[in-house]
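A quick write-up on the structure given underneath.
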Amino acid sequence: MSNADDFETPSNSDHAVGIPQPAKPARQTESALPAESVADGWFSYQPPVHRIPNAADAMVFLLLLGMGLVAMIGLIGIALKLHWFGWRDPARLLLNTRVALGSQLGIYAVALVVALPIYRTMWGRSLMEGLQWRPRLAARLAARLVLVAVACDVMAALGNALLPFPQHAPIDKMFTTAADAWLLFAFGVTAAPFFEEMIFRGFLVPALATAWEWATERFTGRHSRGVDDQGFPVWGTGAMLFAALGASVPFALMHAAQVSHAWGPLSLLYGVSLVLCAVRLRTRSLAASMVVHASYNFLLFAAMFVQSGGFRHLERLQ
């Protein structure tokens, strides 16, 4: 992934974030500061620069996910009360793969539907544009992005051989029938990478990078890097490193219960997240990191498919 034409010269419609760009004269009034405004460091006043997505934007989306969770809990409660689909035992529902995946998808869907008008109002642009989706760039880099996913899978295979992994992880219990396995396969290569990338690399990484830049500006009194000619924040190397290292912690911990909180698989998940963050920051395209994530999951499920004889012998996965 070293072709300069792909990474360093984005088009006007697909401008990039993450790599410092020379300030353009038209934007000077937005980010440039008079000399006296930075003389006193923390106590000086600096004109605010609207950088998105910031920490407040990320918190709003987190609240929307909470709203989706409440909605799904309420819906399942009503279903149990009225015995929809023959549901009577809450404990059994917790082990039902279809209910678990459906509930998770419902949480994401509620958050997304509500988020679309909210962020258009807040940002003055669509949600996916504000998150720098940039699918055309991801399509141009598709071959190299798949190779990155292959490298991650090789890393995972080596880690599986060298690091301690639980013998009977909770996630194994979700592979009870071939139908469940196919549902997990479909969910794992579509909805899961899309929404996880939106949450972690779409909102959290930019929020952490911008928080680092803001704190640095306040403590050192240096000029803000401001935004580029498309209105996206410009970050330094320190901000991007901080964002990648910080965002990878909750990403790994989100999967902790599935792998019995074992440090071996959690270390691998942290490493994979760092790669995804690097792709997001290097290409400045959320779609690019989603392609790597989906390809990585696809290769994992493909290996399970072969190992289990087309999901007909799921006991081989235990």
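Could you tell me which of the residues PHE165, PHE187 is of a type outside the set (Asp, Glu) and either more than 24 Å from the chain's Cα centre (by Cα) or within 16 Å of PHE251 (Cβ to Cβ) (or both)? It is PHE165. Does ALA138 qualify as being in a helix (DSSP H, G or I), out of contact with any helix residue (DSSP H, G or I) (no Cβ under 7 Å at 6 or more places or on another chain) and closer than 25 Å to VAL275 by Cβ? No. If you go through region 233-257 and keep only what is surrounded by 16 or more Cβ atoms within 10 Å (Cβ to Cβ), more than 26 Å from ARG51 (Cβ to Cβ) and either in contact with a His (Cβ under 9 Å, 6 or more places away or on another chain) or in contact (Cβ under 8 Å) with a residue 40 or more places away in the chain (or both), you end up with nothing. Considering region 210-223, and only residues there that are of a type outside the set (D, E, K, R) and in contact with a Lys or Arg (Cβ under 9 Å, 6 or more places away or on another chain), the residue that is surrounded by the fewest Cβ atoms within 10 Å (Cβ to Cβ) turns out to be THR216. Counting only helices (runs of 4 or more DSSP H) that sit wholly inside region 217-318, those with at least 1 residues that are assigned by TED's automatic domain parsing to the domain that holds MET155 and more than 23 Å from the chain's Cα centre (by Cα) are 286-307.
Is region 248-265 home to any residue that is touching a Gly at 6+ places or on another chain (Cβ under 7 Å) and modelled with pLDDT under 95? Checked region 248-265: at least one residue is touching a Gly at 6+ places or on another chain (Cβ under 7 Å) and modelled with pLDDT under 95.
With (1) touching an Asp or Glu at 6+ places or on another chain (Cβ under 6 Å); (2) without any contact (Cβ under 8 Å) to a residue 60 or more places away in the chain as the list, and SER224 as the residue in question, which single condition is left unmet? Among (1) touching an Asp or Glu at 6+ places or on another chain (Cβ under 6 Å); (2) without any contact (Cβ under 8 Å) to a residue 60 or more places away in the chain, SER224 violates only (2). Taken as a whole, the condition of being free of Cβ contacts under 8 Å to residues at least 40 places away in the same chain and not assigned by TED's automatic domain parsing to the domain that holds THR176 applies to GLY77. Scanning region 80-108 for residues that are under 30 Å from LEU127 (Cβ atoms) and not β-branched (Val, Ile, Thr) yields ARG98, ALA100, LEU101, GLY102, SER103, GLN104, LEU105, GLY106, TYR108.
Hey, does region 92-109 have a residue that's of a type in the set (Gly, Ala, Ser) and on the phi > 0 side of the Ramachandran plot? Scanning region 92-109 turns up no residue that is of a type in the set (Gly, Ala, Ser) and on the phi > 0 side of the Ramachandran plot.
The values are calculated or read from the model by the stated rules, or taken from the named source; none is laboratory data. All values derive from a computational prediction rather than experimental measurement. Cβ sites come from the backbone with ideal geometry, for glycine too, and all protein chains shown count toward neighbours.
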